[in-house]
Structures are given as C-alpha cells and as structure tokens.
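The values are calculated or read from the model by the stated rules, or taken from the named source; none is laboratory data. Computed from a predicted model, the values in this text were never measured in an experiment. With ideal geometry, Cβ positions are generated from the backbone for all residues, glycine too; neighbour counts draw on all protein chains shown. Note: areas computed on protein heavy atoms with side chains; ligands, DNA, RNA excluded. Shrake-Rupley method; radii C 1.70, N 1.55, O 1.52, S 1.80 Å.
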Amino acid sequence: MSTTDYLAFHEGDWKPLSQCQVPINTHAFQYGTGCFEGIRAYWSGEHANLLFLREHCERLYRNARLLMMAPPSVDSMIGTLIELVQRNAPGRNTYLRPMMYKKGTGLGPVLKGVPDGFLAYLIPLDDYLDTEKGLSVCLSSWRRLPDNSIPTRTKATGGYLNSALAKTEAVLNGYDEAIFLNDRGQVCEGSAENIFILRQGQLITPDKTADILEGITRAAILQLAADLGIPAVERPVARTELYMADEVFLVGTGCQVSWVRTIDQRVVGEGVRGPVTARLQAAYEAAVYGRDERYAQWLTRV
Ligand code: PMP
C-alpha cells in the first residue's frame with residue numbers, strides 16, 4: 001500500500017490522504033498558523049504500540065489554545081488517533097501526524113476569530129536519523145527562534161522554517177544534522193531533536209527556558225536516567241561544552257536516541273558510542289517496543 005492510500009481524518013471525515021485537500025487561500029498555508037505533533041506507533045509483530053499518546057495530545061491541546069484555536073478534547077484526539085491506526089492496520093512502524101490549523105480563508109495574519117480544524121494522518125517510518133553510525137553534526141549559522149518571536153515550545157508549523165533553513169544548510173554542507181544556538185549564544189536543540197551531553201559522568205540538557213521544544217522524549221530520557229541512577233541536570237549549556245563533552249546524543253520521537261560522533265568536525269570523546277548513551281539507548285528501545293514492563297504505561301496498545 002502506498003503512503004497516499006492510507007485513510008486520513010480531515011473535516012470530520014475519513015478519506016484517503018490523497019483526497020484530503022485545502023483551498024490555496026487557507027490561513028495556515030499563507031501564514032504558517034498551525035501546530036502539530038509527531039507520534040510513533042511501534043509495530044510489535046502483533047499490535048501497534050503508540051508511544052506517549054496522551055502526552056502528545058495534551059501538548060497539542062495546550063499549544064492550539066495558545067495559538068487561539070479550539071482543539072477537540074484530549075480524549076477525543078486520542079480516540080481519533082487510535083481509530084486512525086485501527087482503520088489502516090498498517091502492520092509496521094508508523095508515524096502519526098495530528099494537526100490543528102487555521103482553516104479560515106480571510107486575509108490578514110491574525111489569530112483570533114479565524115476558523116480552525118483538526119486533521120490526522122499517518123505515514124510509514126522506521127529510522128529518521130541513523131541511530132547506529134554516529135552522526136556528524138554542525139552548529140547552525142541560523143539562530144533558534146526566541147520564545148518572544150515564534151515560540152518553539154508551541155510546535156507551530158510556521159516555526160519549522162527555522163528548522164528547514166538549519167537542516168538544509170547542514171545537509172548541503174555534508175552533515176547529518178544541525179544544532180541551534182539560541183539568541184543568547186547557548187546550545188539549544190537540533191532541527192527536530194533535543195540534545196543531551198555527558199560531562200564528568202553527569203548528563204546535561206538545556207533547560208526549558210532555552211527556546212527549546214519541551215520534548216516528550218527528553219522527559220523520557222530524564223526519567224530513564226533517574227531510574228538507572230545516572231545524575232542529570234537541566235541548565236544552560238555553553239557552546240564549547242559541546243566540543244568538550246565526553247558523549248553527545250540527540251533525542252526525539254523521530255530520531256529516537258541517536259549518538260553524535262563529530263561536532264563541527266571535532267570528534268566527541270573517543271569517537272565511539274559512549275557507555276551512558278548505550279545504556280540509555282538500550283533502555284529506551286526496550287521500553288518503546290514493550291519489552292520492559294516497567295514502562296508499559298508509556299504505550300497504548302492498538
Ligand atoms: N525539538 C524540535 C524542534 C522538534 O521538532 C522535536 C520533534 N517533535 C523535538 C525537539 C523532540 O520532541 P519530542 O521528543 O516530543 O518528539
């Protein structure tokens with residue numbers, strides 16, 4: 001089955017993705033006025049395990065309200081996403097994309113009073129970034145959007161132009177991924193990932209005021225670190241701490257846990273996957289594939 005044959009939810013109805021269309025004067029298309037989520041459904045061989053389904057729906061709900069939209073209730077979104085997987089029965093790893101968007105067609109970049117809509121579709125997805133090889137990353141020449149400009153925290157569609165500029169620059173220059181600094185010159189996040197570094201046995205990740213998306217995988221890694229007895233702190237991270245770190249890895253729904261081998265052509269640590277990264281990566285994989293009962297509440301079985 002090709003991607004476009006999967007059923008999607010749009011305008012309150014189920015239709016093949018290829019038939020879900022919006023007018024060219026749609027507000028979200030003109031002004032980037034939408035917000036979205038990316039949720040993984042891991043295929044266990046017998047059923048799909050939707051990872052952090054409620055957490056993603058809660059984030060979408062809060063973000064949509066900040067952008068002055070009226071989202072369906074969290075429980076209603078959860079129901080639609082479960083139905084999306086049931087109706088398509090994809091039998092493989094997939095990625096679910098629910099979105100709230102301004103579907104009005106009026107002129108002018110305002111938020112209040114513009115009609116909005118909810119949609120959801122899925123696509124097949126295995127790795128987004130290579131989790132095995134060790135990534136080659138660069139610091140982007142593009143600064144991360146400050147919270148007072150376009151809040152990264154809202155996962156707004158328009159904000160992803162910032163990510164697209166950084167990722168494109170990185171890939172055109174031969175790197176796998178870009179790391180943003182924020183407007184204070186501190187380490188922020190990747191184009192679609194949060195970042196962790198390890199220094200002297202301590203795990204460090206930029207805090208929630210560093211213009212990052214408050215990543216759900218980031219929170220999961222902090223929980224795993226606590227459970228494994230690995231000390232961790234959320235605090236501002238200076239640029240040169242990255243180059244001096246013993247281990248660096250990126251986390252996110254898409255990239256999962258992907259270790260970094262070089263930053264701006266400087267080798268991280270010994271240039272191999274570090275032991276702390278390896279432990280966290282293994283613990284994360286066991287949890288998301290449902291092999292570790294202690295994290296069963298992370299998953300919604302469909
Ligand atoms: N930062 C950005 C900019 C992202 O797009 C993503 C992917 N959603 C992440 C971080 C990771 O967030 P999460 O773990 O919630 O997927």
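Some points to look at:
- Across segment 254-267, the number of residues qualifying as open to solvent by less than 10 Å² (accessible area, probe 1.4 Å) and either over 17 Å from residue 189 (Cβ atoms) or within 16 Å of the ligand (Cβ to nearest atom) (or both) comes to 4.
- Members of segment 207-253 that are touching a helix residue (DSSP H, G or I) at 6+ places or on another chain (Cβ under 9 Å), assigned to a loop (DSSP other than H, G, I, E, B), on the phi < 0 side of the Ramachandran plot and within 16 Å of the ligand (Cβ to nearest atom): 208, 212, 213, 214, 215, 253
- Wholly enclosed strands (runs of 3 or more DSSP E) of segment 81-154 bearing at least 1 residues more than 30 Å from residue 270 (Cα to Cα) and in contact with a strand residue (DSSP E or B) (Cβ under 8 Å, 6 or more places away or on another chain): 94-102, 116-124
- Residues in segment 76-103 that are more than 17 Å from residue 59 (Cα to Cα) and among the basic types (Lys, Arg): 87, 92, 102, 103.
- Across segment 33-54, a minimum of one residue is classified as more than 16 Å from the ligand (Cβ to nearest atom), out of contact with any Phe, Trp or Tyr (no Cβ under 8 Å at 6 or more places or on another chain) and aromatic (Phe, Trp, Tyr).
- Residue ID - surrounded by the most Cβ atoms within 10 Å (Cβ to Cβ), chosen from residues in segment 143-167 that are within 10 Å of the ligand (Cβ to nearest atom) and of a type in the set (Ser, Thr, Tyr): 152
- Test: residue in segment 53-70 that is assigned to a strand (DSSP E or B), closer than 19 Å to residue 160 by Cα and touching a residue at least 60 places away in the same chain (Cβ under 8 Å): no
- Residues located in segment 139-180, provided they are of a type outside the set (S, T, N, Q), in contact with an Asp or Glu (Cβ under 8 Å, 6 or more places away or on another chain) and over 28 Å from residue 71 (Cβ atoms): 139, 142, 143, 170, 176, 177, 178, 179
- Residues being open to solvent by less than 40 Å² (accessible area, probe 1.4 Å) and among the acidic types (Asp, Glu) - total across segment 196-223: 2
- Residue within segment 61-69 that is under 21 Å from residue 7 (Cα atoms), in contact with a strand residue (DSSP E or B) (Cβ under 9 Å, 6 or more places away or on another chain) and either open to solvent by 40 Å² or more (accessible area, probe 1.4 Å) or more than 14 Å from the ligand (Cβ to nearest atom) (or both) present: no
- The set of residues from segment 13-32 being more than 16 Å from the ligand (Cβ to nearest atom) and open to solvent by less than 60 Å² (accessible area, probe 1.4 Å) comprises 14, 15, 16, 17, 20, 26, 27, 28.
- Qualifying residue in segment 235-250 (condition: at pLDDT 95 or above, within 24 Å of residue 160 (Cβ to Cβ) and in contact with a Ser or Thr (Cβ under 7 Å, 6 or more places away or on another chain)): yes
- The number of residues in segment 168-194 being open to solvent by 20 Å² or more (accessible area, probe 1.4 Å) and within 11 Å of the ligand (Cβ to nearest atom) comes to 1.
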